[in-house]
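Working notes for the structure below.
The values are calculated or read from the model by the stated rules, or taken from the named source; none is laboratory data. As the structure is a computational prediction, the values presented were derived from the model and not from experiment. Cβ placement follows ideal geometry from the backbone for every residue including glycine, while neighbour counts extend to all protein chains displayed.
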């Protein structure tokens, strides 16, 4: 159990965590940031995607002790983000969600995609989001929503 | 937002979309109570063994451990189950599959609970495992030693390792086969499919000082959870309160009990709140999956393609517990005629107990398996008769006056329109696009399906608040499909108020009115009608009060957009819902609270025309229809099959919210595509070899078709709310057959065995070439 200082959504938290604890557990059980979901705990489903230094990462595969010098951004940290807000609106309008369990991870990964590539093609969106699973929508409405958000942000 | 409160047919977003997208929506795993413990489960390592004893001493001595429950904590009589009371909350006396919950621990942290669960020592005496239905039905070794003494809620005919059997006959099948010109017979095999709801099963339970238990869990019916826990723990229903927070997908997985009885037992023993969330592996191994079926289909036809007789035989792997198996078999056989005229039929089948996890409800409920077989079979008939597969079907489909098998009503019938819509949109007659690669074989495939909308009981309560806004109270959880939004739309439509003025209470057995649940594609149809009728009663009450205020007859009044009651044709002579409701709350009549309660009554089987043994559903009907064309490319070098495009037409009666209907069609298509091409739970001996998302692949963005074209057909069902029928399952049901038919028509091979993996397709192609 070591003391670690985590920078999460711009706030510094000094917390004692076992060296084996994942960032996902720390976020959810210690900090109450439950927007990051545990779908598989194995790095496959993408429901726990957060941005670590602006790169989408699996919180379930990241150890909290290793995140000491990094800037972590969870879904809760995108509230006033312009790109994420456009995505949330486009997903809502276009029914690009159903049960919503994968949605925070989708928004995070799509946000980081648009931050790097503001005008992605449909193929680039499918490639960029391919690490995130959705069992409800069939994906088509998610692709359309990301395109719509990109379009909106270009105006 | 819709103008002036009109909401019917509007493409409204889900009311809680923003909550889900921003991560603030709370699922069961996101709930934390003060002093809450965390639970973990010890799973059986053996497929079949007697439990000789438990040693809990090491586990109890571990840090943070507060309680352990085992089968010894359960009374002998606390068996539960939907159709056969054959399960305990935790294994008692015997274990029947690898992964079965044997003991559960509550501790301060999840890590402590998991460590202690692993330290529970159980002594087993192994028994030979029966891993196939054939082996189980032949064996002297039994899974359920006292099966014949167990209570059943239907005539299952269960004995030995036979879980249930069903036999349905109509017409004279022997005579039918004698009178036809050609007889075709094929055998099909389907696999176990995992639901893979993104949210694993979870539950949180708390006991109050009076011993009353509250359970939060993702489910498809809070009242079913209440019923199961009541039986499993010997508690009266009134001592159980069951709620459903947000549900992270289900598809049948969470309809019957999952871990709620175990978590309630831990909370009762520890006297603390306990939360337990399954790992992904446990979610694969412990709960339930889609039934593997072996199906033999035999159809007799005239030379002109007219169907005359059909026999279907099904052998179903039920797994260790009956769960929904008797009904899954029954529904599969009940759908074995499909939406066709076939005068002489005999459909029969058996479910066997095996030492695998239980198989149960999964989107399509037996119909997905049956339709894969029957619709593949019809394409083979068309090919032999050198007829266009769509023309062959058009010749035989049910007309609007035709009854379903058994004589029950079909409701509205948009079959022909579904077929014509996809035929036109896919340019079927042109035969489809050319292969994209030189090694590609490309083809279009077609399939047709029907699935019911109505059965069992439903009710709803509508309350007018003092300010004239409305609380809609239905107990059916929204699994993500947006059903709560649809119910709010229906209420807003009747009361002519903006949807924003209708809020919905969360499903809660204490406060919600009974509904059997969000399953079987019945929610819009059943709960929707409850909401419409209760809302109409509210409208009547509003008019009665308005008549007193405006000093006229209620018959002269009408509802105006936005929450007003006015004299017909004199809109300025009006009063508002707010004014009426305030008056009701403080002066006259009391608050306006109206409900509607009903049970579906259209007998499934007319005994004058049809004989049925062991068909466990008394009333069922009002069918939705779907026709699908897929454009498929098969790589002749690798055997890999890719769906390029799909056209899926669904007759949903009336689309209350077309955008959400499209969501159902698209999502169901891709889940059905996973079933057809990718997904299979594989057993290595008695153990599931691929209980992780690394090894069990579901479709991703890359496997999904480039384009799915959802086509909504509205036939207007006379019984449905504003004409609506169900759409939850129908979109999945025909997909596997459509893809199989496309693979065949592309010139690759006929695949009789799901999933159509690259290996299987390639082998079949080579086999076919060898035969040539």
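Among the residues of segment B:454-491 satisfying the criterion of being in a loop (DSSP other than H, G, I, E, B) and within 14 Å of chain A (Cβ to nearest Cβ), which is surrounded by the most Cβ atoms within 10 Å (Cβ to Cβ)?
Step by step, filter segment B:454-491, then rank; the result is B:479.
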- Look at segment B:619-653 and say how many of its residues are buried (at least 24 other Cβ atoms within 10 Å of the Cβ) and not in a strand (DSSP E or B). 3
- Item | Evaluation of residue B:153 against (1) over 24 Å from the mean Cα position of the chain (by Cα); (2) on the phi < 0 side of the Ramachandran plot; (3) loosely packed, with under 14 Cβ neighbours inside 10 Å (one fails), failing number | (1)
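One line per residue, one yes/no per condition, for (1) more than 14 Å from chain A (Cβ to nearest Cβ); (2) under 23 Å from residue B:202 (Cβ atoms); (3) surrounded by fewer than 18 Cβ atoms within 10 Å (Cβ to Cβ); (4) touching a strand residue (DSSP E or B) at 6+ places or on another chain (Cβ under 9 Å):
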site	(1), (2), (3), (4)
B:66	yes, yes, no, yes
B:77	yes, no, yes, no
B:86	yes, no, no, yes
B:89	yes, yes, no, yes
- Item | Condition broken by residue B:20, with the remaining ones in (1) within 14 Å of chain A (Cβ to nearest Cβ); (2) over 25 Å from residue B:477 (Cα atoms); (3) touching a strand residue (DSSP E or B) at 6+ places or on another chain (Cβ under 8 Å) satisfied | (2)
- Query: In this structure, is residue B:699 more than 17 Å from the chain's Cα centre (by Cα), surrounded by 19 or more Cβ atoms within 10 Å (Cβ to Cβ) and either farther than 20 Å from residue A:97 by Cβ or facing chain A (nearest Cβ under 7 Å) (or both)?
  - Reply: no
- Given the residues A:73, A:58, A:38, which is the only one that is under 17 Å from residue A:12 (Cα atoms), modelled with pLDDT of 95 or more and surrounded by 22 or more Cβ atoms within 10 Å (Cβ to Cβ)? A:73
- segment B:146-172, residues that are assigned to a loop (DSSP other than H, G, I, E, B) and touching a residue at least 24 places away in the same chain (Cβ under 8 Å): B:150, B:151, B:153, B:154, B:155, B:156, B:157, B:158, B:161, B:171, B:172
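So that you can scan it fast, the table gives a plain yes or no per residue for (1) within 30 Å of residue B:659 (Cα to Cα); (2) facing chain B (nearest Cβ under 9 Å); (3) not in a loop (DSSP other than H, G, I, E, B):
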| residue | (1), (2), (3) |
| --- | --- |
| A:20 | no, yes, no |
| A:36 | yes, yes, no |
| A:46 | yes, no, no |
| A:66 | no, no, yes |
| A:80 | yes, no, no |
| A:101 | yes, yes, no |
- Item | Candidates B:225, B:207 - the one that is away from every other protein chain (no Cβ under 12 Å) and surrounded by fewer than 24 Cβ atoms within 10 Å (Cβ to Cβ) | B:207
- Message: For segment B:50-84, which positions are more than 22 Å from residue B:127 (Cβ to Cβ), in a loop (DSSP other than H, G, I, E, B) and within 33 Å of the chain's Cα centre (by Cα)?
- Response: B:75, B:77, B:78, B:82, B:83
- Restricting attention to segment B:647-654, does a residue exist that is within 13 Å of another protein chain (Cβ to nearest Cβ), touching a strand residue (DSSP E or B) at 6+ places or on another chain (Cβ under 8 Å) and within 21 Å of residue B:525 (Cβ to Cβ)? yes
- Within segment B:677-696, restricting to residues that are surrounded by fewer than 23 Cβ atoms within 10 Å (Cβ to Cβ) and outside any loop (DSSP other than H, G, I, E, B), the one that is farthest from the other protein chains (Cβ to nearest Cβ) is B:683
- Message: Looking only at segment A:61-81, count every residue that is closer than 23 Å to residue B:19 by Cβ and either free of Cβ contacts under 8 Å to residues at least 40 places away in the same chain or over 15 Å from the mean Cα position of the chain (by Cα) (or both) and tell me the total.
- Response: 4
- On the given criteria, is residue B:674 within 23 Å of residue B:369 (Cα to Cα), more than 10 Å from every other protein chain (Cβ to nearest Cβ) and out of contact with any strand residue (DSSP E or B) (no Cβ under 9 Å at 6 or more places or on another chain)? no
- Item | Options A:130, A:96, A:84, A:115; residue that is at the interface with chain B (Cβ under 9 Å from one of its Cβ atoms) and more than 23 Å from residue B:705 (Cβ to Cβ) | A:84
- Message: Among the residues that make up segment A:110-133, is at least one of them more than 16 Å from the chain's Cα centre (by Cα), outside any helix (DSSP H, G or I) and either in contact (Cβ under 8 Å) with a residue 60 or more places away in the chain or under 23 Å from residue B:660 (Cα atoms) (or both)?
- Response: no
- Task: Only residues that are in a strand (DSSP E or B) and crowded, with 20+ Cβ neighbours inside 10 Å: list them for segment B:93-130, please.
- Result: B:94, B:95, B:101, B:102, B:103, B:104, B:105, B:106, B:107, B:122
- Query: Within segment B:176-186, can one find any residue that is more than 26 Å from residue B:49 (Cβ to Cβ), at pLDDT 95 or above and either within 26 Å of the chain's Cα centre (by Cα) or within 14 Å of chain A (Cβ to nearest Cβ) (or both)?
  - Reply: no
- Task: Scan B:33, B:8, B:42, B:37 and give me the residue that is more than 30 Å from residue A:82 (Cα to Cα), more than 26 Å from the chain's Cα centre (by Cα) and more than 14 Å from chain A (Cβ to nearest Cβ).
- Result: B:42
- Item | Test result for residue B:450, surrounded by 22 or more Cβ atoms within 10 Å (Cβ to Cβ), assigned to a loop (DSSP other than H, G, I, E, B) and out of contact with any helix residue (DSSP H, G or I) (no Cβ under 6 Å at 6 or more places or on another chain) | no
- Note on the structure: Condition set touching a residue at least 60 places away in the same chain (Cβ under 8 Å), outside any loop (DSSP other than H, G, I, E, B) and touching a strand residue (DSSP E or B) at 6+ places or on another chain (Cβ under 9 Å), scope segment B:492-508, selection farthest from the other protein chains (Cβ to nearest Cβ): answer is B:495
- Query: Taking residue B:198, is it surrounded by fewer than 21 Cβ atoms within 10 Å (Cβ to Cβ) and in a loop (DSSP other than H, G, I, E, B)?
  - Reply: no
- residue B:248 being touching a residue at least 12 places away in the same chain (Cβ under 8 Å), over 27 Å from residue B:117 (Cβ atoms) and buried (at least 21 other Cβ atoms within 10 Å of the Cβ): no
- Task: Scan segment A:6-18 for residues that are within 13 Å of chain B (Cβ to nearest Cβ) and under 22 Å from residue B:110 (Cα atoms) and jot them down.
- Result: A:17, A:18
- Task: Assess whether residue B:257 counts as being crowded, with 24+ Cβ neighbours inside 10 Å, in contact with a strand residue (DSSP E or B) (Cβ under 8 Å, 6 or more places away or on another chain) and in a strand (DSSP E or B).
- Result: no
